[in-house]
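Note sheet for the following structure.
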Amino acid sequence: MKKIDCLVLGHLELGTNNIYASLKEGGINSGSYRDFNLGFVTIDGKHFSLSELYNAELSKKSIENGLIMNSNTFNAAISYLGTYFNRRGLSFDYITSIDLEKERLREVLINNQITSIALLTTLYVTPEPIVEIVKFVRSLNTDVKIVVGGPFISTMCRTHDDDYIAYVTEFILQADYYINSSQGEKSLVDLIQALNSNELVSHVKNLFYIENGILIKNETKTEQNSLHENMVDWSLFKDDNKEYVNLRTAVSCPFTCAFCGFPENAGKYQTVTPEMVVEELKQLDEFNPSLKSIYFIDDTFNVPKERFKELLRLIIKSGLNLKWHSYYRCQFADQESIELMKESGCEGVFLGIESGSDVILSNMNKGSKVRHYERGIEQLHKAGITTFGAFITGFPGENEATVRQTIQFIENSGLDFFRTQMWFCEHITPIWRQREKYNIEGEGFNWSHSTMDSQTACNYVEEIFCEVKNVTWLPQHDFDFENVWRLVHNGMDIEHVKKLAQAFNAGIKEKVLNPSITELNKAYYQEIQSIIERHIYSTCNVISI
């Protein structure tokens, strides 16, 4: 049997208990732990995310369909990489969910049917999932070459020196090769071709690895893979039952927000034509009759504005009965585009608002003012499009007054959902070039500047979480905006999603205000169970009991 050139591995659900143990080692006062602390509750000593509580209640009723998991969404990296391989003559296979397809993965590894494994890291913020996957692979197959790339690797390389990278790659992750690139498809293909030919890998760009205990870093080169030449071929994935799909129509971002290093990493901004997007949507619809919802993952889906409107008109004209959600810059909202959004199937939008203070928005180079956000949110609300607002607390210039302005903005905004996180200090971002102006020191979750430090920012995040009453906080850990739509398509309306999140948040609020309380209050637990149980029985025609 001919070996498969590359097996692409999707997501591993590590579980809240494992993440808790890892982050607690860094201290309960660390920024990463305090951020995580707003996303789980504890019952009988075991830690649960909102998704895990929901799934546990379904499992009690022996319900297998409708579980909400990150792996339910077909990873855009799998569809894109698979297509990229196929067009270059490489064979591939894929595992979308390591949890659900572990036996198939075991069989493939034991039969030694693959040359290489590409391990995706899109949703990983700690090394533990990567470590677990590598251990599992190595326990069954010592020949296959394991390649790790994606956001976890690029973030590590941006934020740490070579000594740290060498230690982590050799002694913790223990894969064979690592690719540090915002794209990386060409590097991966070059590596696989070298492995197939038993050639040296020194020519492969953006590659690093450990050789005889030494970190070897090949030449780096920014990849500019043409998106319009590499549109996904969905016929390659026609045997899958894909209910939720991530889809991109652009690469990089045309904006230069001061807190974000993505545009520098991702390369030149490029889009594909509306006509090409619609052709891909038609193909996706043809080969995927189970599709419930599409997540357009472009950083700025509604920019350029006229392209966005033309795309929506073509979707409507095509007769495709789509449901979709996306990132959205609501300062560019206008009545025509919002009407087109609604008619074309838009369910909701993720709004990177960041602050309710014009001073901080200016510092961030957001190119918008609070009044623009207020107008855009109002228009979206009137159209019945669900809104989620993301905020950053502690950016240089932030102080008590600007935090208060953000709290007031959120309360009066009309948003359906929101969340704020502490500013993460990255040296690759534009604001770092102004570090002397703001007296910025430190990095990551541990920093200070002229008007605030990271611990104070954490305090304000918790204060916002506890104080805001009119808008529902969505926990980031293992839930986030994406799971709203999984619940909706399981038959739960938006108002009950809010009630479920509010009951969960009430338990978290209690432990934030009184850290001696470690267990979820029984009353809140019963309320969560009651909401889920009512949902199960009211949607018995949607979810089989």
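Put a plus charge on the Cβ of each Lys and Arg, a minus charge on the Cβ of each Asp and Glu, and nothing anywhere else: the dipole of the range 50-148 about its Cα centre is then about 280 debye. Taking a sphere under 15 Å around the Cβ of TRP234 and counting the other residues whose Cβ falls inside, with K and R at +1 and D and E at -1, yields a net charge of -3.
On full extension, the segment bounded by GLU132 and ASN65 gains 21.5 nm, given 0.36 nm per residue less the C-alpha separation. A convex hull fitted around the alpha carbon atoms of the range 234-473 yields 130 Å³ per residue.
About its Cα centre, the range 234-473 has a charge dipole of approximately 500 debye under the convention of +1 per Lys or Arg Cβ and -1 per Asp or Glu Cβ, with nothing else charged. Net charge of the neighbourhood of LYS205, taken over other residues with C-beta under 13 Å away and scored Lys/Arg +1, Asp/Glu -1, is -1. With K and R counted +1 and D and E -1, the other residues having a Cβ less than 15 Å from that of HIS535 yield a net charge of +1. Label zone (PHE171, point 7 Å along Cα-to-C-beta; backbone nitrogen cut-off 17 Å) within the range 22-50: 26. Rounded to the nearest whole Hz, the Karplus-based 3J(HN,Hα) values (6.51 cos²θ - 1.76 cosθ + 1.60, θ = phi - 60°) of the range 393-398 follow the sequence 10, x, 4, x, x, 5, with x at glycine and proline.
Subtracting the Cα-Cα distance of SER362 and HIS160 from their residue separation scaled by 0.36 nm leaves 69.8 nm. Full extension of the chain between ILE297 and GLU374 yields a length gain of 25.4 nm, computed as 0.36 nm times the residue separation minus the alpha carbon distance.
Summarising the amide proton neighbourhood of GLN421: residues at separation of 5 or more, or on other chains, whose placed amide H is nearer than 5 Å comprise PHE391, ILE392, THR393.
None of the figures in this text is laboratory data; all of them are computed from the coordinates on show. Predicted model only: the values in this text are computed from it and were never measured. Every residue, glycine as well, gets a Cβ built from its backbone with ideal geometry; the counts of neighbours run over all protein chains shown.
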